[in-house]
Each structure stands twice: as C-alpha cells, then as structure tokens.
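I have placed the structure first, in the form of structure tokens, so that the comments after it can refer back to it.
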Amino acid sequence: MNWDSEPLPDVTFHVGRLLGRGSFAKVYLCGSSNSFAVKFVHKENARALAGLNSKAIKNEGLFQKFCSNHRNILSCGYTGEDERWIWFVLDVAGGGDLFNFIEADVGVHMDVAHMFFKQLVGAVEYIHSKGIAHRDIKPENILLDINGNLLLSDFGLATIFRRHGRTKKSSTVCGSAPYVAPEIIAQNGSYELEPVDIWSCGIILFALLTGCTPWGFPGDRDVCYRQYITRAKHPEFLQKAYPWKNIDKEPLSLIVRMLEEDPRKRIKISGIRAHPWFMRKNPLLDVDGSCPSPIKVAEKLLGTLHIDLPGRKTQRPFGRNNLFRPLAVDKSNIMSCSQPTELKARQSSMHAQSQPNFESDNSGEGAFRIDDLAVLQFSQKAKVTNELVTITQKARKFDDLLPRDTLNRFFVHVSMEMLKSYLQGFLLQKGIRQIMENSEEQEHFVFDISLKDRRKCPLSGKVTCSRPQDRSDAFWKYDELIIVKFDRIKGDPLEWRHVFKEAARACVDIICTGDD
Ligand code: ATP
Ligand code: MG
C-alpha cells in the first residue's frame, strides 16, 4: 500500500523535517525548537509487511524506554497512538548515522573503530543486563549524538530473553542477512539471544575496520562464509585473504572469537572486555567511556573519507582555482540554530574566521570556491592533510566538521543535459533500476534508484541534481554549477557509499575537486 501520502496523526507538537525512514516508519525532527524526534510507525503497513500487531509495535517503544538509561542508547520517552499510527518520542541523534562517515572498502582509523566498538559493547552489555536482546544490530541502527558518541537505536526486533531469573530462547528468523548470526538462519530449532547480538557486534567491528561486510549471509551457500569457516581454523590463511588481511592481528583475533559459528563456544561480553585489544589504551576515550574530544574523532573520520579519481585529466574546468573554503557555513549548520539572530551572529563570525585563509586568486574572474566539505574528499591526500589541520583548528563542535547530512555529494560544472547522460550511462551500465521523477523545471532532476547491493540486499535512494541553494556565494557566477546528492532511503550505508563512489568515478571528467 502507498502509505507515503497518508497524513501524519494530529499531534500537539510541531513536526519538522524528515530525519529518516524505514519500511513502515518515518522519523521526524519535532518540537518548536527541534528538540526531539518522533518515530511514526504506520500500523497497517507494519501488519502487512512484517505481521506486526499494535502490541508488537508498542513493545519497540517499551523496550527502548526500559533501556534508555545508558549514554550509548538512544533514549525513548512518551508513546502515542491513533487509529492509523503509533509514535515514539526519541532524543535527537544530532550526529546522524555513524556509517555515513565510514569509507566504503576502507573503514576507519583503528582508534576510532576501538572507541565506537567499546561504546557499542557497553550498550549491548547494558541491554543484556536488563534481559533484552536487540537482534538487529547493523549500521542503519547505529547513530551518533551531537558529540560523536555512539547511540544504539531501533528496538523494533528487540525481545525479552530473561525475566524473573528465567531465560528463554527464540526461534524467530529475523535481522539483516550480512549481520545476522548463523544459528538464526540455520533454523535448527531455537537459538539463544545474547550470542546473536555478540555475533552482530563482531560484524560491526569488521565493518569499522574494513568498510565492508565479510559475507552476504552466514550459510553454506555463501562462498565467502564457507571460506571463512575453513580459514578461521588457520589464522595464517585468514591473514592472507582480502579484506581480512587489512585487519591487525589483535583485533582480528577478537573478531574471530566473536564470529565463532558455534554459539556455545562464542566469546561472551566478559571475554570481550578481557581481550587485550579491547583493553588497549585509546586517546579518543575517557575512562568513563565517553569521547573527550569530539573534534578529534570527526577529524579522523573526515580524514578517511576519500575518493580517488583515477584517470582524472590535469586540465580542470576552472584552471587553478580553489574549490574549498575551510569551515563552511552550510545548510545543516544553519538548521541547527534556533534563532535567526543566533544564525546571523554565527555566520558572520564563521566568515570572519575563515576569510583570512582564503587562497586569493588574483585573476579576478577566477575566484571560485565551494563552501562544502564534501569537495575535500576528492582532493589529493596531501592536500586533505593540510586542509584538515586548518579546518580542525577552527572547528568548535563535532558537526562543524561532520554535519549530520551525508557527504555523499559532489559538484559538476556542465549542463544539466550532459550530467543526465553521464548519470544515466552509469546507472544503465550497472544495471541499476531508475525512475526519473518528472520535473517541470529544467534546473532540477531526480532519479529514484533501487538495486541489489554487493551482498544481494535491497538498496534504494534518491539522486538529486540541482543548482545550489545559496545564490549569495561566490561560485554563483558559474551558472552551470550543479550539486549531485545521493540520499539513501533504505539499505546498508556502506553499500550506498560504494554506489556513490562508483558514480563519482563515472563522472571523473566533469567533477569539481578541491585541487581545481
Ligand atoms: P523499519 O523497521 O520500518 O525499516 P526502522 O525501524 O528501521 O524502520 P529506524 O531505524 O528507527 O526505523 O529509523 C530510520 C532512520 O531514521 C535511521 O536509520 C536514522 O537515519 C533516522 N533516525 C531514527 N531515529 C532518529 C533520531 N532519534 N534522530 C535522528 N535520526 C534518526
Ligand atoms: Mg532501522
């Protein structure tokens, strides 16, 4: 059914912009000062797609509320209902989706992976201590607070496994295939619940360190999984195989213990805590498990977001102009200001800060800069390192460096028609299903795309090509400048980033980079 057009319930609070969505839920920023988020679950659709009745939907809110008293769990408060919708009031995950900031097929710096992994294990240990298992630990359900701390979210598949000292098993087949434990899909009767969350945390650690998942699903029919099962018995083989070879010995030994096929032999949380890699010192973490310097974490994340453009010709559309200006005031910064006066003050102070650092271009006509951090990801590595020092010195908060919106965007300087043909060529070549949204305007077009990712899981999103909004900026003298944005709707953020990277590379000849 088409639930997209269904009006939201008549609630007493202000409903702002859409933060994200699932198959039968939408999450909006709410309140007069955008101080909370609300997840609206469409009852009829939840029943049709997942067989969930109202009680089961409400359990999500109940479990999340019950586990809210932990800094790494997205806290849930009030729950409401009308005849069509059930809704939960949530804290805003101000940092957005963690995996938006992880480079596909590369991963993150070891300290960053260690920090997020420790926070995730802390959250999982806490919910297990309350007798709740999550059962859906995967990138889409791992968000960040405004200071870059991890928040475990989406208790839609959570269940109680311990009550009044009695433990129960489950036989429900659920979860996302690349992240799910083998005993869930083996269907050999019932499975224990704590070990399945530990397995998923092992896959998350793998994904943090490599930027991909190890297999499509943990079963005999998956070649990568079969190879792993053989090689895990002989770590020297594993260390030679891609992408396992990119993982250092110590974290690898922990991952192998977490990805133990037999749930009875799988490491427990107490074992994870005692593992030497888990106990290593980490300059990004305080003793209490929080992150003392969000900017350092953001800097490290931004430093690994990088896309090589092989075959790029030296001749650029703009000659030697600098497309990147440090510490940009972009849309997401603007939206986080509650008062117009505050916004003005902030804009002018940021401009004052960044102005002296502009690379001046004496050719007059050529002064061309894009205020967008996304441009940096296409710069040469050495340039990124230099720019990062400058930007980091100016940043005050995590989201000065990493605004919650995705960095999956690039700029091109060609006509709309030419861009369209580049993108259509790419989508066709990759066999990606696309629907072009009709737009009356010549200046704007959108592709709705859906595909099966490299793990055969569904992936969908929108590719929006439009003129940048802020006409006041210097780059507006170049009428032809277009921003190409890849917004994921459903599916694995790492796989979505992979599609974005491929598309950017397909546009290698027209893309504007920080080196132009
Ligand atoms: P479904 O199960 O129907 O597929 P879902 O249960 O997966 O939906 P969520 O994971 O809870 O829905 O939310 C979907 C997306 O919305 C998240 O991946 C995230 O990007 C965004 N989101 C959810 N809650 C918040 C929040 N409190 N603050 C900011 N963003 C959020
Ligand atoms: Mg989710």
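Here are the numbers:
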{"quantity": "Residue ID - farthest from residue 96 (Cα to Cα), chosen from residues in segment 18-77 that are near ligand 1 (Cβ under 9 Å from one of its atoms) and among the charged types (D, E, K, R)", "calculated": "60"}
{"quantity": "Near pairs, Cβ below 9 angstrom, 6+ apart or cross-chain, from segment 94-112 (closer than 11 Å to residue 207 by Cβ) to any residue that is of a type in the set (Asp, Glu)", "calculated": "99/140; 99/492; 104/495"}
{"quantity": "Single residue of segment 405-422 satisfying the filter (open to solvent by 40 Å² or more (accessible area, probe 1.4 Å) and not in a helix (DSSP H, G or I)) that is farthest from ligand 2 (Cβ to nearest atom)", "calculated": "415"}
{"quantity": "Of all residues in segment 78-95 being in contact with a Ser or Thr (Cβ under 8 Å, 6 or more places away or on another chain) and either open to solvent by less than 10 Å² (accessible area, probe 1.4 Å) or within 10 Å of ligand 1 (Cβ to nearest atom) (or both), the one that is nearest to residue 29 (Cα to Cα)", "calculated": "92"}
{"quantity": "Any hit, segment 95-108, residues being part of a strand (DSSP E or B), within 16 Å of ligand 2 (Cβ to nearest atom) and closer than 21 Å to residue 290 by Cβ", "calculated": "yes"}
{"quantity": "Options 140, 125: the member that is within 14 Å of ligand 2 (Cβ to nearest atom), of a type outside the set (Lys, Arg) and open to solvent by 10 Å² or more (accessible area, probe 1.4 Å)", "calculated": "140"}
{"quantity": "Any hit, segment 32-49, residues being touching a His at 6+ places or on another chain (Cβ under 9 Å), away from ligand 2 (no atom under 16 Å from the Cβ) and modelled with pLDDT of 95 or more", "calculated": "no"}
{"quantity": "Qualifying residue in segment 172-186 (condition: farther than 18 Å from residue 62 by Cβ and assigned to a strand (DSSP E or B))", "calculated": "no"}
{"quantity": "Segment 427-445: number of residues that are under 22 Å from residue 481 (Cα atoms), open to solvent by 10 Å² or more (accessible area, probe 1.4 Å) and at pLDDT 90 or above", "calculated": "0"}
{"quantity": "Search result, residues across segment 150-171 that are part of a loop (DSSP other than H, G, I, E, B), away from ligand 2 (no atom under 11 Å from the Cβ) and open to solvent by 10 Å² or more (accessible area, probe 1.4 Å)", "calculated": "158, 164, 165, 168, 169, 171"}
{"quantity": "Complete set of residues in segment 35-75 that are over 17 Å from residue 152 (Cα atoms) and crowded, with 19+ Cβ neighbours inside 10 Å", "calculated": "40, 41, 42, 43, 45, 46, 52, 57"}
{"quantity": "Residue within segment 175-182 that is at pLDDT below 95, open to solvent by 10 Å² or more (accessible area, probe 1.4 Å) and more than 29 Å from the chain's Cα centre (by Cα) present", "calculated": "no"}
{"quantity": "Residue count, segment 92-128 (criterion: on the phi > 0 side of the Ramachandran plot and in contact with a strand residue (DSSP E or B) (Cβ under 9 Å, 6 or more places away or on another chain))", "calculated": "1"}
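One line per residue, one yes/no per condition, for (1) part of a helix (DSSP H, G or I); (2) polar (S, T, N, Q); (3) at pLDDT 90 or above; (4) in contact with a Pro (Cβ under 7 Å, 6 or more places away or on another chain):
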residue: 242; (1), (2), (3), (4): no, no, yes, no
residue: 273; (1), (2), (3), (4): yes, no, yes, no
residue: 286; (1), (2), (3), (4): no, no, yes, yes
residue: 311; (1), (2), (3), (4): no, no, no, no
residue: 320; (1), (2), (3), (4): no, no, no, no
residue: 341; (1), (2), (3), (4): yes, yes, no, no
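Listed here are the residues, each with its yes/no results for (1) in contact (Cβ under 8 Å) with a residue 40 or more places away in the chain; (2) touching a helix residue (DSSP H, G or I) at 6+ places or on another chain (Cβ under 6 Å); (3) within 13 Å of ligand 1 (Cβ to nearest atom).
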| residue | (1), (2), (3) |
| --- | --- |
| 114 | yes, no, no |
| 122 | yes, no, no |
| 132 | yes, yes, no |
| 146 | yes, no, yes |
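The values are calculated or read from the model by the stated rules, or taken from the named source; none is laboratory data. No experiment lies behind these values; they were computed from the predicted model shown. Methodologically, a virtual Cβ is constructed for each residue, glycine included, from the backbone with ideal geometry; neighbour enumeration extends over all protein chains shown. Each accessible area value is taken on the protein alone, full model and side chains, heavy atoms only, with ligands, DNA and RNA left out. Shrake-Rupley method; radii C 1.70, N 1.55, O 1.52, S 1.80 Å.
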